[in-house]
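Student: One structure, pasted below without further comment.
The values are calculated or read from the model by the stated rules, or taken from the named source; none is laboratory data. Everything numeric here is computed off the predicted structure, so don't read it as measured data. Heads up, the Cβs are rebuilt from the backbone with ideal geometry, glycines too, and the neighbour counts pull from every protein chain shown.
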Amino acid sequence: MNTPLKALSAICLAGAALVAFTPPQVANAAAALCDAAVGSESQELTVRVVYPSNQAGEIWVGLYADEEAFDAGEEYRSARIPADQPILATVFADLPAGEYSLIAFHDSNSYNDFNSNFLGIPIERYGFSNNPRPRFRGATWAESRFELSAGTAHDVTIELMGAGG
């Protein structure tokens with residue numbers, strides 16, 4: 001989400017706290033203005049993960065709302081899915097329209113961490129939205145970002161890669 005939209009959202013949220021102290025006509029007008037400016041329509045994103053043959057542990061999926069958070073590893077939302085099927089799905093609801101990126105990995109040992117060997121080579125399978133296949137590095141925001149636009153169905157499939165189980 002871009003910075004002006006974040007600021008407007010924060011102003012609208014702060015204004016919502018004052019609603020209890022304003023006449024109903026003013027409160028309704030303010031709410032309508034914020035809905036129109038920010039977009040009252042929340043989006044739903046279905047994420048499917050095609051994962052490895054090993055059905056132990058869980059699949060972790062992280063949703064990132066901007067490049068800075070993506071680079072810092074600070075997810076906007078996350079989900080954990082039991083790894084008991086060859087194709088798994090989770091739904092992120094109530095999302096504002098905007099740009100997002102996804103990272104997923106198979107936490108086969110349930111350590112709640114993405115594991116690698118002593119050389120830094122991943123020992124668990126991983127993937128990104130748009131399914132880029134970078135060599136010797138993770139995907140970038142530009143390679144994995146996608147647009148979540150208002151009023152359309154959103155379905156993203158991530159195919160996990162790597163040598164891990």
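Student: Which one is nearest to Ala72 (Cα to Cα) among residues in the stretch 126-137 that are exposed (fewer than 10 other Cβ atoms within 10 Å of the Cβ) and among the charged types (D, E, K, R)?
Tutor: Of everything passing the filter in the stretch 126-137, Arg137 is nearest to Ala72 (Cα to Cα).
Student: So, Ser40, is that one closer than 18 Å to Gly127 by Cβ, surrounded by fewer than 16 Cβ atoms within 10 Å (Cβ to Cβ) and modelled with pLDDT under 75 or not?
Tutor: For Ser40, the condition - closer than 18 Å to Gly127 by Cβ, surrounded by fewer than 16 Cβ atoms within 10 Å (Cβ to Cβ) and modelled with pLDDT under 75 - is not met.
Student: Residues that are in the same structural domain as Asp155 (by TED's automatic domain parsing) and either of a type in the set (A, V, I, L, M) or at pLDDT 95 or above (or both): does the stretch 114-122 have at least one?
Tutor: Yes: the stretch 114-122 contains one or more residues that are in the same structural domain as Asp155 (by TED's automatic domain parsing) and either of a type in the set (A, V, I, L, M) or at pLDDT 95 or above (or both).
Student: For the stretch 138-154, name all the residues that are under 18 Å from Tyr64 (Cα atoms) and surrounded by fewer than 12 Cβ atoms within 10 Å (Cβ to Cβ).
Tutor: Correct list: Ala142, Glu147, Ser149.
Student: Kindly provide the set of residues from the stretch 136-165 that are farther than 11 Å from Leu102 by Cα and at pLDDT 85 or above, ordered by number.
Tutor: Arg137, Gly138, Ala142, Glu147, Leu148, Ser149, Ala150, His154, Asp155, Glu159, Leu160, Met161
Student: As an exercise: evaluate Gly57 against (1) crowded, with 16+ Cβ neighbours inside 10 Å; (2) within 15 Å of Gly127 (Cα to Cα); (3) in contact (Cβ under 8 Å) with a residue 40 or more places away in the chain and give the number of the one condition it does not meet.
Tutor: (2)
Student: Further question: Of these, Asp84, Asp107, which one is touching an Asp or Glu at 6+ places or on another chain (Cβ under 6 Å), within 20 Å of Arg48 (Cβ to Cβ) and modelled with pLDDT under 90? Even if it seems obvious, please write down each step before you answer.
Tutor: Details: Asp84 fails: touching an Asp or Glu at 6+ places or on another chain (Cβ under 6 Å).
Exactly one of Asp84, Asp107 is touching an Asp or Glu at 6+ places or on another chain (Cβ under 6 Å), within 20 Å of Arg48 (Cβ to Cβ) and modelled with pLDDT under 90, namely Asp107.
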